[in-house]
Amino acid sequence: MSEISLEEFRSRRARAFAALDGGAAIVPSATVLLRNGDSDYPFRQNSDFLYLTGFTEPDAVLVLLGDHRSVLFMRPKDRASEVWTGHRLGLDDAPATLGVDIALDIATFEEKLPELLVGCEHLSYDFGNDEARDRSIFAAIRAARGLTRRKGVAPHTLHGLNTWIAELRRIKSPAEIERMRTAAAITRRGHIAAMQAVTPGMHEYDLQAILEYEYRRAGAQGIAYESIVATGANATVLHYVENRHRIADGDLVLIDSGAEYHGYAADVTRTFPANGRFTSEQRALYEIVLQAMNDAFAHVRPGVARTAYHDRAVATITQGLLDLGILHGSFDEAIETQAYQEYYMHGTGHWLGLDVHDAGRYRDHDDTPTRLEPGMALTVEPGIYVRHDAPCDPRFHGIGIRIEDDLLVTGDGHENLTASIPTSIDDISAIMREKVSA
């Protein structure tokens with residue numbers, strides 16, 4: 001595992017202090033949520049909290065103060081609870097282990113917070129996610145103002161965390177990049193296993209099980225998002241997650257799935273024929289999408305507007321659909337009227353990192369598209385989706401195709417983190433002819 005050092009977490013918090021400019025920030029962890037009865041949903045740490053602390057326990061709050069102190073409210077050691085839910089770091093070990101200045105019992109959060117906020121003119125916190133905590137923070141602000149009625153300052157301006165933390169997270173460090181490379185390598189194993197195992201007559205959930213088994217076997221903590229295994233016309237539904245359909249001979253299989261490795265996501269889509277052979281219609285559409293992907297890659301480099309690779313993919317798909325007679329009229333008309341959106345209705349990518357749709361603006365403060373910089377990670381994912389009621393030759397009805405790779409912007413271009421997962425028709429066919437190893 002590529003470790004993220006204590007010094008890196010300290011550096012992240014130092015950059016956070018600089019961004020806060022004398023203000024305070026309150027960054028909560030995730031909490032354990034009840035699923036039903038006596039069963040909880042699987043716990044996954046809040047990404048902002050994880051980014052600033054590396055701490056994976058629930059029920060904690062990081063407070064960053066204007067004087068550059070970091071205070072972590074957390075659960076204390078509790079032997080009886082640890083019997084049921086596992087080891088806790090505890091207050092005594094937290095400062096040395098996590099590099100925070102002070103560790104306090106989470107039970108004292110409401111009591112201690114007002115004093116901590118004294119001296120901070122503004123506060124960053126994401127209201128609206130936890131009503132009870134929101135009330136306690138408003139109460140702490142009022143109490144802090146009471147403490148400074150005659151002297152000193154207390155928060156008088158509120159900001160969301162996204163105003164600064166998203167900008168910190170958008171550029172990936174070398175240690176983060178290594179974790180993303182590992183997530184990509186694990187994801188490759190799952191997609192290859194699915195390509196080699198598919199047989200008409202299986203169910204979509206059979207492939208999902210094979211895919212996610214390989215992730216776990218290779219060291220992933222789980223999936224970065226709910227896997228999409230869509231066959232036949234299900235592939236024309238962008239966020240299809242039922243994964244219950246029986247796979248028919250002649251179906252295309254669209255798998256959109258990525259592993260999560262120590263918090264970092266991969267996000268990959270591949271489309272391939274269940275029986276190993278593309279029909280002429282499937283092949284024609286697939287080659288358009290693959291060309292759109294390769295054309296888009298050329299626009300993933302430093303200094304280029306983030307919208308450029310989407311615009312290039314749209315142009316390639318539009319021309320391809322015109323050439324097949326699926327769209328009609330001139331290229332300029334199809335672009336101006338956005339006629340292509342009948343078949344390609346989503347963006348060509350998004351930021352990638354601790355979240356599969358990672359933090360970060362897509363437009364700068366002057367409302368111009370964000371320009372790519374080294375260290376940014378993103379997806380490139382063109383597609384074509386021909387629903388059964390689409391106004392085109394019925395031969396193409398029910399075909400859905402998407403191809404998606406994960407790219408890192410480098411100093412002179414980009415690195416394709418998922419390039420080893422085949423995309424060409426010849427390479428996919430060769431992989432599918434191989435037997436699954438025992």
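Divide by every residue of the chain the summed helix terms, -39500 (n - 2.57) for each DSSP H run of at least 4, and state the resulting mean residue ellipticity at 222 nm, rounded to the nearest 500 deg cm²/dmol.
Working: 13 runs with 154 residues, N = 438.
So the helix-based figure for the chain works out to -11000 deg cm²/dmol.
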Footprinting exposure proxy for K112, K151, K77 (fewest neighbouring C-beta atoms within 10 Å first): K151, K77, K112
Gain on full stretching of the segment that runs from E111 to T157 - 0.36 nm per residue minus C-alpha separation: 14.4 nm
Once amide hydrogens are built 1.01 Å from N within the peptide plane, the residues lying 5 or more places from H262 or on another chain with amide H under 5 Å from its amide H are Q221
When C120, C392 are ordered from fewest to most other Cβ atoms inside 10 Å of their Cβ, what list results? C392, C120
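Charges only on Cβ, +1 for Lys and Arg, -1 for Asp and Glu: so what's the dipole of the chain about the Cα centre, in debye to the nearest 20? Display every interim value, and only then the final one.
Numbers: 44 positive and 64 negative charges, 191 e Å.
Approximately 920 debye in magnitude.
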Assuming R0 = 41 Å, can you tell me the calculated FRET efficiency for the pair D59 and E121, based on Cβ-Cβ distance, to the nearest 0.05? 0.90
Which residue fluctuates the most in the chain, going by a Gaussian network model with Cα springs under 10 Å, if the choices are T271, T157, T418? T157
To the nearest Å, what is the center-to-center distance of the range 99-157 and the range 362-438, using C-alpha atoms only? 45 Å
With springs only between Cα atoms under 10 Å apart, run a GNM on the chain and tell me which of G411, G258, G400 wobbles the most. G411
The chain: angle of helix 307-323 to the longest principal axis, Cα-based, in degrees nearest 10: 20 degrees
Return a whole-number percent for the relative contact order of the range 171-433, with Cα pairs under 8 Å and 6 or more residues apart as the contact set. 22 percent
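What share of the DSSP beta bridges in the chain is antiparallel, in percent to the nearest 5?
On the way: 40 of 49 bridges.
Given both bridge residues lie in the chain, the antiparallel proportion sits at roughly 80 percent.
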Nearest-ten-degree value, helix 280-297 long axis tilted from longest Cα axis of the chain: 40 degrees
Inter-part distance where the range 323-357 and the range 226-256 are each reduced to a Cα centre, Å: 21 Å
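With a 10 Å Cβ neighbour count serving as the proxy for reagent exposure, in which order, fewest first, do L52, L161 appear? Let's see the in-between values first.
Numbers: L52 26, L161 20.
Placing the least packed residue first, the sequence is L161, L52.
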Selected from S173, S257, S39 as most flexible by GNM, with the chain as the system and alpha-carbon contacts under 10 Å: S39
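Quick one: compute the contact order of the range 70-227, relative version, from alpha carbon pairs under 8 angstrom and 6+ residues apart, as a percent. Working shown, then result.
Working: 153 pairs, mean separation 24.9, N = 158.
Taking the mean separation of contacting Cα pairs over the length of the range 70-227, I get 16 percent.
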HN-Hα J couplings of the range 124-134 from phi, Karplus 6.51/-1.76/1.60, θ = phi - 60°, integer Hz, Gly and Pro as x? 9, 6, 8, 6, x, 9, 8, 4, 5, 5, 4
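Computed from the coordinates by the stated procedures, all read-outs in this text should not be read as laboratory data. Fair warning: this is a prediction, and the values are worked out from it, not measured in the lab. For neighbour counting, all protein chains shown are included, and Cβ atoms are generated from backbone atoms with ideal geometry for every residue, glycine included.
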